[in-house]
Every structure is written in structure tokens, then in C-alpha cells.
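Asks: Shown below is the structure under consideration.
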Amino acid sequence: MKHFFEVKFNLEEENNWRCDFIEVTADKPIGFIDGGFAWTKDGIKYAELSQSELDKRYRGKGLGLLMYELTITRVLEFCIEFHSCKDRNEHSDGVWQALNRKYYNVVKEGRYWKVTREKGIL
């Protein structure tokens, strides 16, 4: 059986969002990424990840990377930058490092990772 995955974006409150990572073939959520929107001093709107989780049964199969790729792509429809949180666990750090190797618009700035939409990748 072939598996298909998607993210369902929900704007939960004025500036908070959630993307549920869904295994479409079974119609069940297997992970999520939560975050919020904020603005820089220069007035640039960005999304900041606050937490993520992937069901343990799906780890180590490249699905964490796919969950982040789909979520970042969807959330960047509403802003021009996507930031990781500053404190990450080893699973999240591994995903960000993989994103950095795969896409040139994923860069580390200080304690967080940043994806910019203006470069047209991801």
C-alpha cells in the first residue's frame, strides 16, 4: 500500500497557527507543528515554530523532513520568513540540518534557523 501525506493548516487564534501532518490513506494525523506569526522591528511578518511532534512509529523514515517541508511551504503563503524556535531537540535539529543541505534558502542565524520565501525555493 502506498502512503500519501499532507498538512492541514489552521489559523487557531489571531496570530497562532497549527499544521497537522496527515497520513491521507489512513485519514489520521501522525504529527503536527505549532507556531505563531510575529513582526520584526522593520515590520517584516514572519512565522515562528513553537513545537513539533511526529508519532514515534513514523520517525527515521524521512517523514519529519517531509512534515517540515510541507508545513514551511504552506505557512510561507502568509509571510516571507519562517523561523525555528531557539531551543530544539535532537530530532528537530536533524531536520533543520537536512533542510539546510537540501535548500539554499535555509540558513542558521545565531540560535535559530530561518527560511526566506523571497528566494523562491521551498
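Asks: From the list 93, 42, 20, pick out the single residue that is part of a loop (DSSP other than H, G, I, E, B) and of a type in the set (Asp, Glu). Explain how you work it out, then say what you get.
Replies: Details: 93 fails: part of a loop (DSSP other than H, G, I, E, B); 20 fails: part of a loop (DSSP other than H, G, I, E, B).
Answer to the check: 42.
Asks: Still on this model: Just the residues that are touching a His at 6+ places or on another chain (Cβ under 6 Å) and among the acidic types (Asp, Glu), please, taken from segment 24-52.
Replies: Result: 48, single match.
Asks: Taking the condition in a strand (DSSP E or B) and either over 15 Å from residue 15 (Cα atoms) or touching a Ser or Thr at 6+ places or on another chain (Cβ under 6 Å) (or both), does residue 70 pass?
Replies: Details: in a strand (DSSP E or B): no; either over 15 Å from residue 15 (Cα atoms) or touching a Ser or Thr at 6+ places or on another chain (Cβ under 6 Å) (or both): yes.
Judged against the criteria, residue 70 is not a match.
Residues are listed down the side, and each one gets a yes or a no for (1) of a type in the set (Val, Ile, Thr); (2) under 16 Å from the mean Cα position of the chain (by Cα); (3) at pLDDT 95 or above; (4) closer than 24 Å to residue 81 by Cα:
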{"position": "11", "(1), (2), (3), (4)": "no, yes, no, yes"}
{"position": "19", "(1), (2), (3), (4)": "no, yes, yes, yes"}
{"position": "35", "(1), (2), (3), (4)": "no, yes, yes, yes"}
{"position": "41", "(1), (2), (3), (4)": "no, no, no, yes"}
{"position": "59", "(1), (2), (3), (4)": "no, yes, no, no"}
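Asks: Would you confirm whether any residue within segment 87-105 is within 9 Å of the chain's Cα centre (by Cα) and buried (at least 17 other Cβ atoms within 10 Å of the Cβ)? Outline the logic, then answer.
Replies: Applying the first criterion (within 9 Å of the chain's Cα centre (by Cα)) to segment 87-105 yields none.
Checked against the condition, which is being within 9 Å of the chain's Cα centre (by Cα) and buried (at least 17 other Cβ atoms within 10 Å of the Cβ), segment 87-105 yields no hits at all.
Asks: Within segment 86-122, which residues are modelled with pLDDT under 85, under 24 Å from residue 11 (Cβ atoms) and not charged (D, E, K, R)?
Replies: Within segment 86-122, 92, 122 meet the criteria.
Asks: Evaluate the following for residue 60: is it among the small types (Gly, Ala, Ser) and not in a strand (DSSP E or B)? Even if it seems obvious, please write down each step before you answer.
Replies: Details: among the small types (Gly, Ala, Ser): yes; not in a strand (DSSP E or B): yes.
Spelling it out, residue 60 is indeed among the small types (Gly, Ala, Ser) and not in a strand (DSSP E or B).
Asks: Shifting gears a bit: When only residues in segment 70-86 that are hydrophobic (A, V, I, L, M, F, W, C) and over 16 Å from residue 16 (Cβ atoms) count, which is surrounded by the fewest Cβ atoms within 10 Å (Cβ to Cβ)? Walk me through how you get there before you give the answer.
Replies: Filtering segment 70-86 for residues hydrophobic (A, V, I, L, M, F, W, C) gives 70, 72, 75-76, 78-80, 82, 85.
Of the ones still in play, those that are also over 16 Å from residue 16 (Cβ atoms) are 70, 72, 76, 80.
Details: 70: 19, 72: 21, 76: 18, 80: 13.
Among those that are hydrophobic (A, V, I, L, M, F, W, C) and over 16 Å from residue 16 (Cβ atoms), it is 80.
Asks: In the list 114, 86, 108, which residue meets the criterion of being assigned to a loop (DSSP other than H, G, I, E, B) and out of contact with any Pro (no Cβ under 9 Å at 6 or more places or on another chain)? Write out each step before concluding.
Replies: Working: 114 fails: assigned to a loop (DSSP other than H, G, I, E, B); 108 fails: assigned to a loop (DSSP other than H, G, I, E, B).
Being assigned to a loop (DSSP other than H, G, I, E, B) and out of contact with any Pro (no Cβ under 9 Å at 6 or more places or on another chain) holds for just one of 114, 86, 108, which is 86.
Asks: Every residue in segment 68-94 that is among the charged types (D, E, K, R) and under 15 Å from residue 36 (Cα atoms), please.
Replies: Of everything in segment 68-94, those that are among the charged types (D, E, K, R) and under 15 Å from residue 36 (Cα atoms) turn out to be 74, 77, 81, 86.
The values are calculated or read from the model by the stated rules, or taken from the named source; none is laboratory data. Just so we're clear, the structure is a prediction, and the values are computed from it rather than from any experiment. For neighbour counting, all protein chains shown are included, and Cβ atoms are generated from backbone atoms with ideal geometry for every residue, glycine included.
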